[in-house]
Amino acid sequence: MPGFVAPALAAATLSALILHLLLTLGAHLGGADMAGALTVAAGMAAVLTILLPFALLSIRRALDALSAGRERGMGSPHG
């Protein structure tokens, strides 16, 4: 289980950061003209392009660690 905590925390942190940045950028859409809206959309795409792969990798590592921990637990006589 110790191998699960770090990737799970990283995934949660990155997910919260992505959501925060997207909501912050989305808040600028209200008073934006066409050029501003395109800039905000480009910023949102950049946030997703840069941070989403790392979040997905962290999620995958957390799930791998969780399944490895379950497999080890099933092999023990106490699990």
Return a yes/no flag: does region 1-24 have any residue that is among the hydrophobic types (A, V, I, L, M, F, W, C), touching a residue at least 40 places away in the same chain (Cβ under 8 Å), open to solvent by 50 Å² or more (accessible area, probe 1.4 Å) and not in a helix (DSSP H, G or I). yes
For region 1-29: of the residues being of a type in the set (Gly, Ala, Ser) and either within 14 Å of the chain's Cα centre (by Cα) or modelled with pLDDT under 90 (or both), which is nearest to residue 72 (Cα to Cα)? 3
Under 7 Å by Cβ, and 6 or more places apart or on different chains, what pairs join a residue from region 29-41 that is in contact (Cβ under 8 Å) with a residue 24 or more places away in the chain and of a type in the set (Gly, Ala, Ser) with one that is part of a helix (DSSP H, G or I) and open to solvent by less than 40 Å² (accessible area, probe 1.4 Å)? none
Please count how many residues of region 25-35 are closer than 27 Å to residue 55 by Cβ and part of a helix (DSSP H, G or I). 3
Is it fair to say residue 63 is surrounded by 14 or more Cβ atoms within 10 Å (Cβ to Cβ), free of Cβ contacts under 8 Å to residues at least 40 places away in the same chain and touching a helix residue (DSSP H, G or I) at 6+ places or on another chain (Cβ under 7 Å)? no
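The values are calculated or read from the model by the stated rules, or taken from the named source; none is laboratory data. This is a predicted model, so every value here is computed, not measured. As a convention, Cβ positions derive from the backbone with ideal geometry for all residues, glycine included, and neighbour counts pool all protein chains shown. These accessible areas exclude ligands, DNA and RNA; they are computed on the full protein's heavy atoms, side chains included. Shrake-Rupley method; radii C 1.70, N 1.55, O 1.52, S 1.80 Å.
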